[in-house]
Amino acid sequence: MTEAPTTADIQLIQAILPHRYPFLLVDRVVDIDGTQSATGIKNVTMNEPHFQGHFPGNPIMPGVTIIEAMAQTAAVMVGTTMGLINGDLLVYFMAIDGCKFRRKVVPGDQLIMKVETTRGKPGGKVWKFKGVATVDGEMAAEAEFTAMMDMQGAPA
């Protein structure tokens, strides 16, 4: 048995997540420590479609997309560790708790998302995570979120 990767580039991310532009919100995942923790990286660019209307002349990344990016990071962590690639994993939000936003995220920022598992185990359907998103070491957002892991192609 080979060890699970500790990083995921965009090709591996796309093999795990069904999301695509404009809703794929993580560019790279590093420091994957099994199903315990990982760090996602999102390079925020002006050409993202939400900036056309949020807000014209003052582009700010919507808070809900920051939380979604943290959730995608968590899904990549679980999918990478469990070898769930090529359409085997769908993830659905069940709850978002303690969500707080601390700073604006704007084009040119690099969003760093640290996620850790607070409940969940390989083979389990319901997982809970804690996430913190930062830009230049300053907290942008934090939340706890619960997700259902639908492992369609996973062995029983």
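The values are calculated or read from the model by the stated rules, or taken from the named source; none is laboratory data. Because the structure is a prediction, the values reported are computed rather than measured. Counting neighbours? That spans all protein chains shown, and the Cβs are built from the backbone with ideal geometry, glycine included. What goes into the accessible areas is simple: the full protein's heavy atoms, side chains included, and nothing from ligands, DNA or RNA. Shrake-Rupley method; radii C 1.70, N 1.55, O 1.52, S 1.80 Å.
Given the structure, is Gln11 open to solvent by 40 Å² or more (accessible area, probe 1.4 Å) and more than 20 Å from Met151 (Cβ to Cβ)? In short, yes. Scanning region 38-57 for residues that are among the aromatic types (Phe, Trp, Tyr) and assigned to a loop (DSSP other than H, G, I, E, B) yields one hit, Phe55. Residues in region 81-126 that are β-branched (Val, Ile, Thr) and modelled with pLDDT under 95 were compared, and the one that is nearest to the chain's Cα centre (by Cα) is Val91. Hey, any hits in region 58-79 for a residue that's open to solvent by 60 Å² or more (accessible area, probe 1.4 Å), closer than 17 Å to Val29 by Cα and not in a loop (DSSP other than H, G, I, E, B)? Within region 58-79, not a single residue is open to solvent by 60 Å² or more (accessible area, probe 1.4 Å), closer than 17 Å to Val29 by Cα and not in a loop (DSSP other than H, G, I, E, B).
For (1) polar (S, T, N, Q); (2) closer than 22 Å to His54 by Cα, each residue gets a yes or a no:
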site	(1), (2)
Val91	no, no
Val105	no, yes
Asp109	no, yes
Val126	no, no
Thr134	yes, yes
Ala143	no, yes
Met151	no, no
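Does region 31-48 hold any residues that are open to solvent by less than 50 Å² (accessible area, probe 1.4 Å) and over 14 Å from Thr134 (Cβ atoms), and which are they? Once the filter is applied, which keeps residues that are open to solvent by less than 50 Å² (accessible area, probe 1.4 Å) and over 14 Å from Thr134 (Cβ atoms), region 31-48 yields Ile32, Gly34, Thr35, Ser37, Ala38, Glu48.
Restricting attention to region 23-66, the residues being polar (S, T, N, Q) and without any contact (Cβ under 8 Å) to a residue 12 or more places away in the chain number 3.
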